[in-house]
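FYI, it's all coordinate maths here, none of it is from the lab. Being a predicted model, the structure only gives us computed values, none of them experimental. Methodologically, a virtual Cβ is constructed for each residue, glycine included, from the backbone with ideal geometry; neighbour enumeration extends over all protein chains shown.
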Amino acid sequence: MLKEAIGVIPTSSMNMALVHLALRNGYPVDLGFHTKESRLLFEEERKIKELPGIEFPDTPGLTIASNFSEAVKDKKIVFVTPRSWDLRTILEEVAPYIRSDAILVCGTKGFDEYHKKFYTPSQVIEQMIPNSRNNLAIISGPNFAGQIINGVTTITTVAAHKKRIAQEVRDIVCNYNNNGNGKDFLVDIYKGNPQDVEIVGAFKNVVGFVMGFALTLDKFDTNTGAAILFEGLQEVSLLCKKMGRSSRAIMRPCGVGDYGLLMNSRVSRNVTAGENFGRGEWDLEYLMDPKHTIEGVRTVKAVAYLAGKRIKYMPLAAYAYLILYGGMNPQEAVRDLLEGKAPPISPLA
């Protein structure tokens, strides 16, 4: 039976990892590129700049659209995983071409700042695509795109308001390994509000930054990382409560699994950014440059605003804000954090 075609906007690293999985499962895919340059790079070298060293073969079923609107037009399934600050603009462009029954799969992590308020990706999608709530799925987990494409065994969490949608997404991306004797991309279905998963996933970016700051300490080791991880899990629980959402997602792959990944790998862009900022090699202007796709620098600011007065009880988030936006010394701040000292001020409280 011919499977439904998938529209992909844009060709971000995570979207391309999902494309790899979908193609293996026999789904035709139509790629929408953000720029003419990125499309030409793919056409000529079968590469995207976000995944250096990885080539995408000229696979049957893989086609290239001339623009985003063409990529999503008439598609029953749409992968939409841009950077958080691009999501609203992209959806505004393609909204007239999205089918009313299209399944929208989003792996964007972070918050969209709009008119001095912050929204999760699912909230943005619901604002921009009328009646999309019941066809929306959020995917989040301990996944690095390059490792997914290279067949490293991993697990992710899918959340949707309708169980049927979550199950359909699982069937699209759940993959057997090359030997055919087991799965190398497992899917955990979260039976709760997708925003629970989004909040937990976004706060991981903050923890990643602090983990990077801590790497600049002379005596950092996994014990230090464990202390930061513990504090991060406590604070994201408070953030979920502040935002009126359940913290149950913390105990899923999108929670402890994704947070634990920060201790075992320096592949994380946010950990790398935190370390380079802590060593004085990168500054705030560099981190904010959209071409670098470092979600955490904006997430730190968003969390400070969203937490409000509760940030008094979220020292990890407060110190991250003070380091990035208040000029506080990263090493001094991390030492104070690990010693249990309260931040000298409560930002934005």
Worksheet item: For the range 290-310, list residues with backbone N below 14 Å from a point placed 7 Å from the Cα of T35 toward its Cβ?
Response: 290-293
Worksheet item: What length, rounded to one decimal in nm, is gained on full extension from F220 through to R24, with 0.36 nm per residue of separation minus their alpha-carbon distance?
Response: 66.5 nm
Item to complete: Please give the peptides 5-12, 232-239, 208-215 ranked by average Cβ packing (other Cβ atoms within 10 Å per residue), highest first, as a rough proxy for protection.
Response: 208-215, 5-12, 232-239
Discussion item. How are the alpha carbon pair distances in the chain distributed across 10 Å bins from zero to the largest one, expressed in percent?
Written reply: 6, 26, 34, 23, 9, 1, 0
Discussion item. Given an 8 Å cut-off on Cα distances and at least 6 residues of separation, report the relative contact order of the chain as a percent.
Written reply: 14 percent
Worksheet item: Restricting attention to the range 14-111, which GluC sites (Glu not before Pro) occupy a DSSP loop and are surrounded by at most 16 other Cβ atoms within 10 Å?
Response: E55
Worksheet item: How do V303, V29 rank when sorted from fewest to most other Cβ atoms within 10 Å of their own Cβ?
Response: V29, V303
Discussion item. Past 26 Å, Cα to Cα: identify those pairs from K219/K309; K109/K291; K76/K191; K163/K301; K162/K301, in the order given.
Written reply: K219/K309; K163/K301; K162/K301
Response to the item:
With T = 37 °C, eta = 0.692 mPa s and Kirkwood Rh from C-alpha pairs, the Stokes-Einstein D of the range 198-338 in µm²/s is about 224 µm²/s
Practice prompt. Report, in debye and to the nearest 20, how large the dipole of the chain comes out about its Cα centre when Lys and Arg carry +1 and Asp and Glu carry -1 on their Cβ.
Written response: 1180 debye
Item to complete: List every DSSP H helix in the chain whose Cα atoms extend 20 Å or more along the helix's own long axis and whose mean Kyte-Doolittle hydropathy is at least 0.5.
Response: 194-214
Discussion item. Quick check on the range 120-202: of the DSSP beta bridges with both residues there, what percent are antiparallel, nearest 5%?
Written reply: 50 percent
Worksheet item: Points 7 angstrom from Cα along the Cβ direction at F230 and T293: gap in nanometres?
Response: 3.5 nm
Worksheet entry | Point-charge dipole on Cβ atoms (K/R +1, D/E -1) for the range 198-338, about Cα centre, debye to 20 | 680 debye
Worksheet item: Once you have the alpha carbon radius of gyration of the range 1-152, what is it after dividing by 2.2 N^0.38 Å, with N set to its residue count?
Response: 0.99
Practice prompt. Return the loop-located GluC sites (Glu not before Pro) in the range 250-346 (DSSP other than H, G, I, E, B) with at most 13 other Cβ atoms within 10 Å of their own Cβ; answer none if there are none.
Written response: E281, E339
Discussion item. Please arrange C240, C106 by how many other C-beta atoms lie within 10 Å of their C-beta, fewest to most.
Written reply: C240, C106
Worksheet entry | Positive-end residue, the range 198-338 charge dipole about Cα centroid, Cβ charges, pick of S247, L306, L233 | S247
Discussion item. Just to confirm the filter: which trypsin sites (Lys or Arg not before Pro) across the range 289-349 are DSSP coil and have at most 15 other Cβ within 10 angstrom of their Cβ?
Written reply: K341
Response to the item:
In whole Hz, the Karplus estimates of ³J(HN,Hα) for the range 64-72 (6.51, -1.76, 1.60; θ = phi - 60°; x where Gly or Pro) are 10, 7, 7, 7, 4, 4, 5, 5, 9
Fill in: Approximate spin-label separation D58-R99, in nm, with each point projected 7 Å along Cα-to-Cβ
2.9 nm
